[in-house]
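Participant: Below is one structure. I have some questions about it.
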Amino acid sequence: MNDQPRTSTTSRRTLLGAAALGLAAAPLLGGTASADNGTGGQDAPGRKRGSFVTAGGGELRLDGRAFRFGGTNCYYLHQQSHYMIDAVLNDAAAMGLTVVRAWAFADGAGRSYRALQPEPFRYDEAAFDSLDYAVQKAGQLGLRLVLPLVNNWPDYGGMQQYVSWFLGLADDSYGDGTHHDRFYTDANCRKAYRAWAKHVIQRRNRYTGLRYADDPTVMSWELANEPRCRSDKSGATLLGWAREMSTYVKSLAPRQLLAIGDEGFYGRTDEADYPYSNYEGSDWLELTALPAVDYGTVHVYPQNWGETSGSKPGTDAASWGTRWITDHVADGRTLGKPVVVEEFGLHIDANRDVPDTAARDAAYRAWTDAALASGAAGDQFWLLTSRVDDGSFYPDYDGHRVMWNSDPANPTRSTAELFAAHAKAMAAGR
């Protein structure tokens, strides 16, 4: 059994936890909720927010036309100051990006972050200020948001926090998953997750006056960020949970899209190659085919998954990622579902096929070209960051930071320009 996926993922997620520790400033409170005017599509001070993105016929659609996008991730919007939210969303808009994925969870009191859900069934309304403001700001800029409801990883609490609350079990997210995976089967964990989903989706944004479920700025909800169930390699446990929760979340937000938020593991019992195997107990085809799921999600981290020449002679990270993308888009077409490559990233690491920025840009260009040519509905690189409250730049915690600024010292300007040009091509459908 390959230990590489476990080791590499631990490193990446632990670094993201450091981000929470170092920069989770207390949200800036301000503003009051506007009165609901009953339109469901207009926010204070009276500006129309547009239409909901829909899915059908194997594509995403907006106002009767195919909707394709280049986008990004910025997980920290739910925790930071208005200044930091403005900085990164203004940059996203300036790049021509149209969709941003950010966290809609922060579980467990007494941590380095401001908990949205300090304990089961109790929610800190003051702590929602950052997320509320981010939704308002995104809407003003014409951006759409994708919001996962829980984390597979212990950063910001996640599934392990639910397991700790109700079962008192230690974290084995990076081990065999026996404790972690009780999240999917324990009745109290499932009840608390459903209550959380209902609270977030139906709560009223203090800045827009709209319930989240009524705001087209929220393009889609995701059941989780990167759900895995290593203790049941058949995939049945994760599939059963996803079937229940996708039906429930869709009933709460019928006008918004729904996705699983998984990485795209194929779950094949006869496949030794880790991402195509059943090691993580996740079957992308079955999850994407669920009736309440509107589109399939794909993540691309060949270096983390051992798909490099150093780990597997004859393989290189860039070409492997291209194959991974095109395989999923083709399979999505067979399912009749759109596919979004919603996370992808590479470290600059000469020992893992990416010796410098030019090599990384070349790989990213190959991947985004593959997404465009194969018919992917969208793609979202990991991750766009910008300035923090003292005017400096958000630290590069995990080696994937991309910044849009004219500072001559910005080593990622060429990468940002590549993604800006790609977003324009995706929007044009060519």
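Every read-out reported here was derived from the displayed coordinates using simple, explicitly stated rules and does not represent laboratory data. Source: prediction; values computed, not measured. Using ideal geometry, Cβ is built from the backbone for each residue, glycine included, and neighbour counts are taken over all protein chains shown.
Participant: Can you list the aspartates and glutamates whose alpha carbon is less than 14 Å from that of Lys312, not counting same-chain residues fewer than 8 positions off?
Facilitator: Asp3, Asp273, Asp353
Participant: Okay, moving on. So for Thr308, Thr385, Thr269, Thr178, fewest C-beta neighbours within 10 Å to most, what's the order?
Facilitator: Ascending number of Cβ neighbours within 10 Å: Thr269, Thr178, Thr308, Thr385.
Participant: Translational diffusion coefficient, Stokes-Einstein: compute it for the chain using the Kirkwood radius over C-alpha pairs as Rh, at 10 °C and 1.306 mPa s, and state it as an integer in µm² s⁻¹.
Facilitator: For the chosen part, D equals 74 µm²/s.
Participant: Here's a follow-up. When the Karplus curve 6.51 cos²θ - 1.76 cosθ + 1.60 is applied with θ = phi - 60°, which whole-Hz ³J(HN,Hα) does each residue of region 155-160 get, with x for Gly and Pro?
Facilitator: 4, 6, x, x, 4, 4
Participant: Using Cα positions and a limit of under 22 Å, work out the lysines in reach of Lys337, with same-chain residues fewer than 8 apart set aside.
Facilitator: Candidates past the 8-residue exclusion: Lys250.
Participant: Using the 10 angstrom Cβ neighbour count as an exposure proxy, how do Thr72, Thr315 rank, fewest first?
Facilitator: Thr315, Thr72
Participant: Further, regarding this structure: Amide H to amide H under 5 Å from Gly264: which residues, 5+ apart in sequence or cross-chain, H placed 1.01 Å off N in plane?
Facilitator: Sorted by chain and number, the residues that satisfy this are His299.
Participant: So for region 261-404, averaging the separation of alpha carbon pairs under 8 Å that are six or more residues apart and normalising by length, what relative contact order in percent results?
Facilitator: Taking the mean separation of contacting Cα pairs over the length of region 261-404, I get 19 percent.
Participant: Show me the trypsin sites (Lys or Arg not before Pro) within region 174-233 that DSSP assigns to loop and that have at most 14 other Cβ atoms within 10 Å of their Cβ.
Facilitator: none
Participant: Quick query: amide H of Ser173 versus all other amide H atoms, modeled in the peptide plane; which residues come in under 5 Å with a sequence gap of 5 or more or a different chain?
Facilitator: For Ser173, whose amide H was placed from the backbone, there are no distant partners under 5 Å.
Participant: Find the relative contact order for the chain and round it to a whole percent, using C-alpha pairs within less than 8 Å whose residues are 6+ positions apart.
Facilitator: Once divided by the residue count of the chain, the mean separation gives 18 percent.
Participant: For a quick check: with amide H placed at 1.01 Å from N, whose amide H comes under 5 Å from Val218's, ignoring anything fewer than 5 positions away on the same chain?
Facilitator: Hits under the 5 Å cutoff: Leu145.
Participant: Which one, Trp320, Leu290, Gln136, projects farthest toward the positive side of the charge dipole computed for region 4-428 from Cβ point charges (K/R +1, D/E -1)?
Facilitator: Sorting the options by dipole projection puts first Gln136.
Participant: Ok, one more. Please arrange Tyr174, Tyr113, Tyr295 by how many other C-beta atoms lie within 10 Å of their C-beta, fewest to most.
Facilitator: So the residues, fewest neighbours to most, are Tyr174, Tyr113, Tyr295.
Participant: Also: Residue-wise, which Karplus ³J(HN,Hα) couplings in Hz belong to region 260-269, taking 6.51 cos²θ - 1.76 cosθ + 1.60, θ = phi - 60°, and x for glycine or proline?
Facilitator: Values per residue, Gly and Pro as x: 6, x, 7, 8, x, 4, 7, x, 7, 6 Hz.
Participant: Spelling out what I want: for every residue of region 235-242, take phi, set θ = phi - 60°, compute 6.51 cos²θ - 1.76 cosθ + 1.60 (Karplus), and round to whole Hz; glycine and proline get x.
Facilitator: x, 5, 5, 5, 5, x, 5, 5
Participant: Moving to a separate point now. Which value, in debye to the nearest 20, gives the size of the charge dipole of the chain about its Cα centre, when Lys and Arg are +1 and Asp and Glu are -1 at the Cβ?
Facilitator: Using only the charged Cβ atoms, the result is roughly 1240 debye.
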